[in-house]
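The values are calculated or read from the model by the stated rules, or taken from the named source; none is laboratory data. This one's a predicted model, so the numbers in the text were calculated from it and none came from an experiment. Heads up, the Cβs are rebuilt from the backbone with ideal geometry, glycines too, and the neighbour counts pull from every protein chain shown.
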Amino acid sequence: MSSNDPLSPRDRWARLRFSIVGALLASPPKGGELRAQLKELASKTYRHPLTAEAVRFGYSSLERWFYIARKSDDPVKALRERPRSHAGRLRSVSATAIQILTAQYREHPNWSALLHADNLRAALSQLEPDRPAPSYPSVRRYLKAQGLFRRPRPKRNTEGAITAAERLEKWEVRSYEAEYVHALWHADFHDGSRKVLTKGANWITPILFGAIDDRSRMVCHLQWYTNEQTETLVHGVSQALQRRGRPLELRDPAHLPIRSDSLAAVTFQATAALPTTVPRTGSTRAAGGRLSLNKAGLSTFANGSGHRAGDRVADPCRGRRPAAICTSPAVSEVLRA
């Protein structure tokens with residue numbers, strides 16, 4: 001069948017059935033000849049209405065179609081498949097069982113389907129003792145149909161992990177936000193899990209800056225810093241741009257203390273804000289604010305040599321200590337302005 005056919009599968013089947021038994025309605029057989037003509041139709045090969053493959057129908061099916069069409073004023077409509085009365089729901093799972101399963105999943109999303117089925121059976125033995133409890137396959141099919149998949153237990157029972165779990169329950173999660181490589185970068189900071197001792201004999205928590213391509217998941221730049229300030233952000237982004245060139249768009253978290261004048265000086269322009277990134281959610285990679293790059297060259301952002309964004313520029317900070325803030329002369333000049 002043509003993919004451009006606007007008819008639904010039910011209408012296609014109805015037309016095929018009517019085309020087979022329609023000749024018997026237009027020219028009714030004489031007494032005693034109906035069986036022979038139905039057997040002759042059953043021996044023929046027909047074209048499947050959906051796959052266009054060769055198919056044959058039994059005598060009993062053709063006989064049933066014939067009597068249905070003969071008793072109806074609209075044979076084509078009568079030969080359409082009727083949807084089941086319980087379509088879209090499981091007859092073995094009652095309304096009470098659905099409420100119990102929903103409550104169980106809300107409280108224990110890390111339970112397996114078997115554990116849900118066992119607890120549901122114990123609860124229904126008291127609420128519905130006269131009705132058999134749904135089997136494990138029925139419970140598993142219902143959970144799968146409703147999107148109630150098993151979720152791993154959070155590694156850390158912190159406020160950030162709880163916020164991330166609540167967000168994932170309410171928002172749709174997509175695998176990618178950009179359709180092409182180098183179309184969108186994400187830049188963000190991450191607190192280190194261990195403290196380091198500085199030269200001044202002070203313990204600090206190092207902060208890792210990272211810029212990653214949305215589509216290819218390629219890490220454009222990683223560097224450790226001692227703080228999370230505008231200067232740190234601008235320098236980290238500058239290193240990523242000098243290594244990988246200029247993307248079409250860059251997003252960074254909205255909670256950072258970004259100075260719009262400093263970003264504008266390095267050819268950034270702040271635009272509409274997006275929802276802030278929730279911690280510990282790798283699938284929700286979008287950072288809060290959106291920063292669109294100008295079409296002009298990044299001569300100010302490089303090292304004063306007039307290089308454009310697509311040119312490869314030597315990293316002025318290569319070889320230095322990663323824990324210290326390393327700022328190129330051009331960026332320092334911009335930040336002091």
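Table: residues versus (1) charged (D, E, K, R); (2) more than 30 Å from THR226 (Cβ to Cβ); (3) in the same structural domain as THR230 (by TED's automatic domain parsing).
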position: SER112; (1), (2), (3): no, yes, no
position: LEU115; (1), (2), (3): no, yes, no
position: LEU120; (1), (2), (3): no, yes, no
position: LEU124; (1), (2), (3): no, yes, no
position: ARG141; (1), (2), (3): yes, yes, no
position: ARG151; (1), (2), (3): yes, yes, no
position: GLU159; (1), (2), (3): yes, no, no
position: LYS170; (1), (2), (3): yes, yes, no
position: TYR180; (1), (2), (3): no, yes, no
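Inspection of the stretch 110-119 finds no residue satisfying the criterion of being under 39 Å from the mean Cα position of the chain (by Cα) and under 30 Å from LEU24 (Cα atoms). Taking the stretch 191-254 and the strands (runs of 3 or more DSSP E) fully enclosed by it, the elements with 3 or more residues that are at pLDDT 90 or above are at 207-213, 219-225.
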